[in-house]
Amino acid sequence: MKNKEIKILLSAPRGFCAGVERAIEIVEKAIQKYGVPVYVRHEIVHNKFVVDDLKKKGAIFVEELEEIKDKTRPVIFSAHGVPKKVPSEAESYKMTYVDATCPLVSKVHREAENLHKSGYHLILIGHQNHPEVVGTMGQLPVGSIDLIQDEDEAKKYKYKEKKKLAFVTQTTLSVDDTKNIITILKDRFPGIREPHKEDICYATTNRQMAVKNIAKNCDMFFVIGSRNSSNSVRLVEVAKKSGCNNAHLIHSQSEIPYHLIEKSKTIGISSGASAPEILVENFIDNLKKKFTVSIDEVEIIKENVVFKVPKKLN
């Protein structure tokens, strides 16, 4: 019997962004320079495949510096950024450290600090307990920055102080959801100061635009990425809101729902900014074993952003 034909719309750009590529390169170069083991505080990027690969090469992942038994070994801070107290702690332990914070996250940190120094009280739009949010809030003294997670919190936010208000955002949010939250804040606090340049990073924006562009033409949509990857989870939401209700995250424990794919004519595929392309290739190879597949790559924009690794690793 002839295999069912399925058309794949492959979203582009997808997968690794410049900040993720740089962070992985930092760990690999640190292993080359310092030997093994090299410690990494928190998952360098939110992807099990990447983390497991770096473990094989000699990286040891910890959540806090105190877990590191041998303080003579170097430690790397993840791409999501860390609170100010973490580099201070590393210095007090006399540890060598390399900061792999994405430059676009560092930009938000500097922005928050400068606004604080200029006398503003800050609002951070983001998701509680996400390491990037913990890192950004940890740049400022406690009480000088408040977190708002959704439209409801924006409507209920109470601000009684006399200080001027400003906001910054997590870099991996849904562009549309964030717009709505910002609109509410601007209506309620007309003088609120916004970032000169949007904080949501180019890669998040591009990947969401690419998914929006094709989701409406798909019976099913798959995003390859990890459950704790904010930008991957947002891509699933974007696909649903853009007209493909049947959108799913494919993570390391996922089983591919072949029985549902069988009922589809066209499926869309994208991947989060921390998911390597080999996972997309593996997913498509699995589909090819069951179906006759044609692939149409739909690219909305070419990305040519590159971030250099710190000089100390060259």
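Reported count of residues in segment 119-138, each being touching a strand residue (DSSP E or B) at 6+ places or on another chain (Cβ under 8 Å) and assigned to a loop (DSSP other than H, G, I, E, B), is 3. Would you call I181 assigned to a loop (DSSP other than H, G, I, E, B), among the β-branched types (V, I, T) and farther than 19 Å from P13 by Cβ? It is false that I181 is assigned to a loop (DSSP other than H, G, I, E, B), among the β-branched types (V, I, T) and farther than 19 Å from P13 by Cβ. Consider segment 139-149 and keep the residues that are in contact with a helix residue (DSSP H, G or I) (Cβ under 9 Å, 6 or more places away or on another chain) and assigned to a loop (DSSP other than H, G, I, E, B). The one that is nearest to P87 (Cα to Cα) is Q139.
Does V233 count as among the β-branched types (V, I, T) and in contact with a Lys or Arg (Cβ under 8 Å, 6 or more places away or on another chain)? When the stated conditions are applied, V233 passes them. One residue alone among F189, F167, F221 is surrounded by fewer than 21 Cβ atoms within 10 Å (Cβ to Cβ) and of a type in the set (F, W, Y), and that residue is F189.
Taking the conditions (1) without any contact (Cβ under 8 Å) to a residue 60 or more places away in the chain; (2) surrounded by fewer than 18 Cβ atoms within 10 Å (Cβ to Cβ); (3) not in a loop (DSSP other than H, G, I, E, B) in turn, K107 satisfies each one other than (1). Only one of the numbered conditions (1) buried (at least 16 other Cβ atoms within 10 Å of the Cβ); (2) closer than 24 Å to A273 by Cα is not met by L140, and that is (2). One residue alone among R227, R234 is buried (at least 18 other Cβ atoms within 10 Å of the Cβ) and among the basic types (K, R), and that residue is R234.
Looking only at segment 127-142, which residues are without any contact (Cβ under 8 Å) to a residue 60 or more places away in the chain and either in contact with a Gly (Cβ under 9 Å, 6 or more places away or on another chain) or of a type in the set (S, T, N, Q) (or both)?
Start the filter on segment 127-142 by keeping residues that are without any contact (Cβ under 8 Å) to a residue 60 or more places away in the chain, which leaves 128-129, 133-142.
Listed by number, the residues that qualify are Q128, N129, V133, V134, G135, T136, M137, G138, Q139.
Pairs meeting the criteria (first residue in segment 233-254 and within 14 Å of D177 (Cβ to Cβ) and assigned by TED's automatic domain parsing to the domain that holds E281, second residue of a type in the set (S, T, Y) and surrounded by fewer than 21 Cβ atoms within 10 Å (Cβ to Cβ), beta carbons under 8 Å, at least 6 apart or on different chains) are R234/S174; E237/S174; V238/S174. Show me the helices (runs of 4 or more DSSP H) found entirely inside segment 190-302 where at least 3 residues are over 19 Å from the mean Cα position of the chain (by Cα), modelled with pLDDT of 95 or more and among the charged types (D, E, K, R). Counting at least 3 such residues, we get 277-290.
Enumerate the pairs (first residue in segment 80-100 and more than 24 Å from S230 (Cα to Cα) and modelled with pLDDT of 95 or more; second residue anywhere and part of a loop (DSSP other than H, G, I, E, B) and not basic (K, R)) with beta-carbon separation below 6 Å, excluding pairs fewer than 6 apart on the same chain, so at least 6 apart or on different chains. Matching pairs, first to second residue: T96/P74. Given the criteria assigned to a loop (DSSP other than H, G, I, E, B), surrounded by 15 or more Cβ atoms within 10 Å (Cβ to Cβ), within 25 Å of the chain's Cα centre (by Cα) and polar (S, T, N, Q), does T101 qualify? When the stated conditions are applied, T101 passes them.
A quick yes/no check of all residues on (1) touching a residue at least 12 places away in the same chain (Cβ under 8 Å); (2) farther than 20 Å from H80 by Cβ; (3) among the small types (G, A, S); (4) not assigned by TED's automatic domain parsing to the domain that holds K84:
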{"site": "K117", "(1), (2), (3), (4)": "no, yes, no, yes"}
{"site": "L122", "(1), (2), (3), (4)": "yes, no, no, yes"}
{"site": "I125", "(1), (2), (3), (4)": "yes, no, no, yes"}
{"site": "K155", "(1), (2), (3), (4)": "yes, yes, no, yes"}
{"site": "T169", "(1), (2), (3), (4)": "yes, no, no, yes"}
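State the number of residues belonging to segment 247-303 that are among the aliphatic types (A, V, I, L, M), surrounded by 14 or more Cβ atoms within 10 Å (Cβ to Cβ) and over 20 Å from T204 (Cβ atoms). Final tally of qualifying residues: 6. Is at least one residue of segment 297-308 hydrophobic (A, V, I, L, M, F, W, C), in contact with a Ser or Thr (Cβ under 7 Å, 6 or more places away or on another chain) and under 16 Å from V211 (Cβ atoms)? Scanning segment 297-308, I find at least one residue that is hydrophobic (A, V, I, L, M, F, W, C), in contact with a Ser or Thr (Cβ under 7 Å, 6 or more places away or on another chain) and under 16 Å from V211 (Cβ atoms), so the answer is yes.
The values are calculated or read from the model by the stated rules, or taken from the named source; none is laboratory data. Note that the structure is a prediction, hence the values are computed from the model and not measured. Cβ coordinates were reconstructed from backbone atoms using ideal geometry, including for glycine residues, and neighbour counts include every protein chain displayed.
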